[in-house]
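One structure below.
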Amino acid sequence: MQTAGKEDSHARPSRAILFERARKGDRNAFDALFALAAGRILYFIRLRLGKALHGQIESMDVLQDAYLDAYTSFEHFKESDDKAFVRWICRIAEHRIHDCKDYFDAKKRRPPHGMHAVSRVLQLAKESGTGPLTAAERADTRERLARAMERLEEEEREVLVKRHFESMTIEEIGHAMGRSETAVRRLLGRATVRLGRVLAPADSETGAARG
């Protein structure tokens, strides 16, 4: 019986081991932790979206974005407790919801390149990957993003870089840029809208080429 227990222990790493492995970049360990918390986080997102945003964005899109943000910034999470982990990702999800709200508030018309698509471009540009196809796609995305960012105002580039590449919170960006959190959210929303509009023609050309 003890032998079987030891085998189970090896087959199912403890939470502490999963947290330790995830901090070292083990994606399988992070996925295991996230899977245990996903149901509660998704419920939190559905409650926080409210009627105004439910018709514009999907809860699963917010969950996916929160997953990507959490994975790329997991080294900053220092605790090894399930409840703290859920609270941390819920905060990330809430920031994403605020970003989405600011995006829809800032845009004058619906741009051809949506919020989730812009987020995906930013995520692909900063994440690592393996395989020649992935590397080629990532290099192309980074080049497109760099060209698009050059067309933005300096403060728009700065807020996007701090938010998406330095994984800073709205509060941290506010301190760094000398702005209130409300001003940062408005700037981030405006910058995201402009980035989407700049990226849209390139996406249309890519789609036409594939077709």
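No value in this document is a laboratory result; all are computed from the given coordinates. Predicted model only: the values in this text are computed from it and were never measured. So basically every Cβ, Gly included, is an ideal-geometry build from the backbone, and we count neighbours across all protein chains shown.
Think of the range 9-106 as a dipole: +1 on every Lys or Arg Cβ, -1 on every Asp or Glu Cβ, centred on the Cα centre; then among 33, 66, 13, 13 lies furthest on the positive end.
The aspartates and glutamates whose alpha-carbon is closer than 15 Å to the alpha-carbon of residue 101, local same-chain residues fewer than 8 away aside, are 58, 61, 65, 181. Could you give the distance between the Cα centres of the range 36-74 and the range 151-198, to the whole Å? Going from one Cα centre to the other spans 21 Å.
Computing FRET efficiency as 1/(1 + (r/R0)^6) for residue 139 and residue 91, where r is the C-beta to C-beta distance and R0 is 41 Å, gives about 0.80.
For the pair residue 26 and residue 175 in one chain, pulling the backbone fully straight at 0.36 nm per residue adds 50.4 nm over the alpha carbon distance.
Residues whose amide H falls under 5 Å from that of residue 77, counting only those 5 or more places apart or on a different chain, are absent, with hydrogens built in the peptide plane. Under a model in which nothing but the beta-carbon of Lys, Arg (+1) and Asp, Glu (-1) is charged, the range 9-106 shows a dipole of about 380 debye around its Cα centre.
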